[in-house]
Amino acid sequence: MGTFFNGLKYNLIRTAGANLTMFICYEKLKNLILSHLTSNFLIVPLISSIISQTIATTITFPLEYWKTIQQSHTGTSKLQGLNLGNKLYSAYWITVKKNASYHVIYWTLSENLRKYLGYYDKDAHYNTDHKSYFEIFTINAISGGIGSVAASVITAPHDLIKTRRQIAPEKYHNKNSWTIIKEIIQKEGFKNLYAGITPSIVSCLIYGISMLSIYEMTIKIQQNIGYKIKYQNNQINQNKIQDIYE
């Protein structure tokens with residue numbers, strides 16, 4: 001039973017750190033590109049997601065490595081940190097490619113779906129002032145769900161290669177991704193490229209829906225709080241002006 005929870009601590013810390021870094025960088029880059037380069041809804045999420053996910057993956061990669069090594073153990077693993085392994089950046093590039101590819105597909109697809117569903121105006125700015133929390137949640141849940149499933153299916157072979165390189169770096173160190181894919185197909189069959197795809201799709205679906213919905217709901221709540229504070233300040237200023245003239 002303990003095997004199921006191997007790597008949980010590292011996964012939770014990595015997920016929290018990676019998502020926080022990803023969202024901060026993504027929003028900053030998206031606004032920068034919209035302001036100075038283009039409002040094209042293919043280019044904006046593509047560039048923003050590649051750069052922000054590369055930064056997030058680089059920062060949190062040792063945690064990803066330890067998580068994978070600990071999950072490969074049978075039974076409860078008590079090894080921690082460097083005792084698990086010191087090749088902290090083994091399979092780094094394949095992980096960057098996998099994560100960047102996943103998020104390029106996820107963000108490009110979900111952003112365009114959100115635009116289609118009326119989440120953005122024609123200038124690519126948020127169009128949520130008159131939308132209820134339920135509408136915001138529904139739009140983001142649909143967009144995030146579809147984007148995450150598509151990204152999960154397309155990038156599944158990268159995930160398999162990354163795992164094998166981290167567990168057995170000596171065996172796969174001098175082999176590029178295409179060589180490993182060909183070996184898997186020849187020796188194990190094409191279907192093994194998608195081994196474990198069902199739980200991966202389910203976890204990515206839950207992640208995609210919850211991540212986007214919670215994040216955008218948080219933005220909406222912050223906007224509403226900001227509007228209330230601004231309104232209250234305006235009322236106070238108006239009352240002061242009235243008191244002066246009275």
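Every read-out reported here was derived from the displayed coordinates using simple, explicitly stated rules and does not represent laboratory data. Model, not experiment: these values are computed from the prediction. Note that each Cβ is placed from the backbone with ideal geometry, even for glycine, and that neighbours are counted across all protein chains shown.
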Karplus (6.51, -1.76, 1.60) ³J(HN,Hα), θ = phi - 60°, over the stretch 201-216, in Hz, Gly and Pro reported as x: 5, 4, 5, 5, 5, 4, 4, x, 5, 5, 4, 5, 5, 5, 4, 6
Considering only C-alpha atoms, what is the centroid distance from the stretch 95-115 to the stretch 41-62, in Å? 9 Å
Which length gain, in nm to one decimal place, applies between Asn40 and Lys187 when the Cα-Cα distance is subtracted from 0.36 nm times their residue separation? 48.6 nm
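Please sort 144-152, 184-192 by packing, taking for each peptide the average over its residues of neighbouring beta carbons within 10 angstrom, highest first. Walk me through the numbers before you get to the answer.
Numbers: 144-152: 22.6, 184-192: 11.6.
Output ranking for 144-152, 184-192: 144-152, 184-192.
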Checking rank on 27-33, 177-183, with mean other Cβ inside 10 Å and highest first, the result is 27-33, 177-183
Summing +1 per Lys or Arg and -1 per Asp or Glu among the other residues with Cβ less than 12 Å from Ile184's Cβ gives +3
